[in-house]
Amino acid sequence: MNDKALLPPVVVPRAAATPAERLLSERILLLADAHGLREPPGLDPCHGGLAVCGGRTDPFTKIEKLRAGGYSGPLVGDPALYTTRVATADEPFVHADGGLFGSGLDLALDGQISRGATVALTPTGYLLEGDSAALRATVEAAENLARIDTVVVIPAAVGWLADPYVELLTEALAAIPHPVALALGGQLNPLDGEEQATVNLRRLLVTVPGVAPWRTDFAAFDGVAHGAPFASMGATAGLRHIIPPGERALTVRKGGATPPTVLFPELLRFTSGHTLATRYANHPPPTCGCVVCRGRPLTRFDGYDGDIRAEANAHNAAAWNELLPALFREPGLGERQALWKKTCVAAYQAHEVENVRLRQMNAFKPPRDVVRFATLPVTHAPTTLPAQGQSGIRPGAPGTPPR
């Protein structure tokens, strides 16, 4: 879309449609596994928050402990039953014990709130690509929820964002009278596998107010720039997408222990701690000024023990939380899109700068999502409100986007 075809300006934030949406509005939450979770430092008090994901540990037990320990920020529990259970026309919402929900669904959602959650999340099963009957059943069940404290989770195969299904998904989500947390399923980064998925996701977010990217990566920032009222970003790679039930996670590694992944903020990329230590063995290492690192080098995350992994995860969350105030300061979608694009262009170019510094031309290759965010056009005109953010989220000249 060129400048002559920009959509009209949209002032943000828009008025929330429900109390649940209002409580999470203008925030990107950290989605973390309940098992072994420590309260992470560095969550932005105005635009951050914490979502606790189920698995080996009951997320609501962890929420109770966090509340008892004094955590007062936005706090949400995600049962994450979509990782093991598929939604069907007969059972769109699923029980952990395999039973069917009847009137007990309200009791389960009430239980989330009573145990300290800011809002309740539905225990939706995974929506297989093209299963329109299961999608319709999910929408009908959501329409029957007479609540104002609930977010409907839609865990959907990424193929729903491609033809011929994207229009059906868009119409279905528009019929849900609650905010929607849209989590995408697929291997590695699901959005990398569908050519039009990012464009279609942007269009969906603009078309259907109240839909929020959930369990994702920097698509959370892109989503907010295109109208999402909130989002969540996974603390680890496995929490940035859904592995479809019954599938094993693909990995770029060939066996062995997995080192922690580390956010290199200027590059907007997650890289293993071991790779960073190796690449910078004979060069001054990159440092980070987040509240966890306080100027220390990123190469210190070369290890496999729990403490190193926990500190790497804390650094990651603190580093991207530092990006939030500048994004949310912008008064319109056009301004947010321009700022995010400028930031991604700078990150793209920083890869080349870093490769030159290392004298290794292929040391770092820009992630495919950063390339997309840097090259896709801004879709909305700016507002007439005075600009409140004059520079990119991260230092760096915008230059020319990659082609």
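A short reminder: the numbers here are calculations on the coordinates, not readings from a lab. Given the structure is predicted, the values throughout are model-derived calculations rather than measurements. Quick reminder, even Gly has a Cβ in these numbers, built from the backbone with ideal geometry, and neighbours come from all protein chains shown.
In order along segment 218-230, the Karplus-derived 3J(HN,Hα) couplings, from 6.51 cos²θ - 1.76 cosθ + 1.60 at θ = phi - 60°, round to 5, 4, 4, 5, 4, x, 4, 5, 10, x, 5, x, 7 Hz, and Gly and Pro are given as x.
About the centre of its Cα atoms, segment 261-321 shows a dipole size close to 140 debye [charges on the beta carbon of Lys, Arg (+1) and Asp, Glu (-1) only; nearest 20 debye].
Here residue 247 and residue 192 are evaluated by their C-beta separation; at R0 = 22 Å the FRET efficiency comes out at 0.85. As a length-normalised measure over Cα pairs under 8 Å and 6 or more apart, the relative contact order of segment 3-239 settles at 20 percent.
Put simply, when 377-384, 347-354 are sorted by average Cβ atoms within 10 angstrom per residue, most first, you get 347-354, 377-384. Compared with the dominant principal axis of the Cα atoms in the chain, helix 59-68 is inclined by about 70°. Length gained on full extension, residue 305 to residue 352, computed as 0.36 nm times the residue gap minus the Cα-Cα distance: 13.7 nm. Unpaired cysteine residues in the chain (no second Cys Cβ under 4.7 Å): 46, 53, 290, 344. Among 107, 268, 43, the largest mean-square fluctuation in a Gaussian network model of the chain, built with springs joining Cα atoms closer than 10 Å, belongs to 107.
Across every direction, the projection of the convex hull enclosing the Cα atoms of segment 261-321 has a mean area of 3.6 nm². For residue 150, nonlocal amide neighbours, meaning residues 5 or more places apart or on other chains whose placed amide H falls under 5 Å from its own, are 20, 120. Which value in nm describes the separation of the simple spin-label points at residue 71 and residue 275, placed 7 Å from the Cα toward the beta carbon? Here the answer is 2.9 nm between the modelled labels.
Note on the chain: GNM, Cα springs under 10 Å; of 234, 186, 246, the largest mean-square fluctuation is that of 246.
Considering every alpha-carbon pair of segment 90-178, the percent of pairs per 5 Å bin, from zero through the bin containing the longest distance, is 3, 14, 25, 24, 17, 11, 5, 1, 0.
Within the chain, the percentage of alpha carbon pairs spaced more than 26 angstrom apart rounds to 52%. Charging the Cβ of each Asp and Glu at -1 and of each Lys and Arg at +1, and nothing else, the dipole of the chain about its Cα centre rounds to 1460 debye.
Peptides 29-38, 334-343 ordered by packing proxy, namely the average of other Cβ atoms within 10 Å per residue, highest first: 334-343, 29-38. Relative contact order of the chain, taken over Cα pairs closer than 8 Å and 6 or more residues apart, is 18 percent.
Contact order normalised by length for segment 1-71, with contacts defined as Cα pairs under 8 Å and 6 or more residues apart; what percent is it?
For segment 1-71, the relative contact order is 26 percent.
Taking amide H as placed 1.01 Å from N in the peptide plane, residue 27 has its amide H under 5 Å from the amide H of 231, each at least 5 places away in sequence or on another chain.
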